[in-house]
Amino acid sequence: VQLQAFGGGLVQAGDSLRLSCATSARTSSDYVMGWFRQAPGKEREFVAAINRRGGSTNYADSVKGRFTISRDNAKNMVYLQMNNLKPEDTAVYYCAAARKFGIPLTTYEYDYWGRGTLVTVSS
């Protein structure tokens, strides 16, 4: 499974940004998709995840109410809409795919990872 995240950039606090993740054709709907992030000097952490059909989602408490994960299986795309960004959201964001059922929340439960995209939020 090939994953490629893009859409990062430099924004100001309070701004919005949408990240996209392109997945391999014919496989995206077979996987739970998740977004993780890793800030400098910190471990990679869970941000959001969405089940195969897109009907169920889960979010980290730190982004709940500000971020929205969605997917378009017909286009093999996963998105992360980020609103009201804060400086503490600054990190490299990664999309990942999991074969596991349910909505896994930890890095080791995900089987495939794409290259990250950097999001920098200035105060």
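The values are calculated or read from the model by the stated rules, or taken from the named source; none is laboratory data. Everything numeric in this text was worked out from a predicted model, so none of it was measured. Every residue, glycine among them, receives a Cβ derived from its backbone with ideal geometry; neighbour counts consider all protein chains shown. To get the accessible areas, we keep the full protein, side chains included, count just its heavy atoms, and leave off ligands, DNA and RNA. Shrake-Rupley method; radii C 1.70, N 1.55, O 1.52, S 1.80 Å.
Before moving on, here are some points about what is shown:
- Assuming charge only on the beta carbon of Lys and Arg (+1) and of Asp and Glu (-1), the dipole of the chain about its Cα centre is about 300 debye to the nearest 20.
- Using the Karplus relation 6.51 cos²θ - 1.76 cosθ + 1.60 with θ = phi - 60°, the per-residue 3J(HN,Hα) values for the stretch 30-38 come to 7, 10, 6, 10, x, 10, 10, 9, 9 Hz, with x marking Gly and Pro.
- At the residue level, Tyr110 shows approximately 10 square angstrom of accessible surface with a 1.4 angstrom probe and all protein chains present.
- Taking θ as phi - 60° and the Karplus parameters 6.51, -1.76 and 1.60, the scalar couplings of the stretch 80-95 work out to 9, 8, 10, 10, 6, 5, 10, x, 6, 7, 4, 4, 8, 9, 10, 9 Hz in sequence order, x denoting glycine and proline.
- With the convex hull drawn over the C-alpha atoms of the chain, the volume per residue is 87 Å³.
- Proximity of backbone amide H atoms, modeled 1.01 Å from N, is registered between Arg99 and Asp111 at under 5 Å, excluding neighbours fewer than 5 places apart on the same chain.
- Within the accessible area of the chain (1.4 Å probe), percent carbon and sulfur: 46
- The residues of the chain have, on average, 52 Å² of accessible surface per residue, using a 1.4 Å probe with all protein chains present.
- GNM result for the chain, Cα springs below 10 Å: residue of Phe67, Phe36, Phe101 fluctuating most strongly: Phe101
- Residue-wise HN-Hα coupling along the stretch 44-58, computed from phi with Karplus coefficients 6.51, -1.76, 1.60 (Hz; x: Gly, Pro): 5, 10, 5, 10, 7, 8, 9, 6, 4, 8, x, x, 9, 9, 8
- Of Gly41, Thr117, Tyr79, farthest towards positive along the dipole that unit charges on Lys, Arg, Asp, Glu beta carbons give the chain: Tyr79
- The accessible area of Asp15, taken with all protein chains in place and a 1.4 Å probe, comes to roughly 60 Å².
- The solvent-accessible area of Met82, taken with every protein chain present and a 1.4 Å probe, is close to 0 Å².
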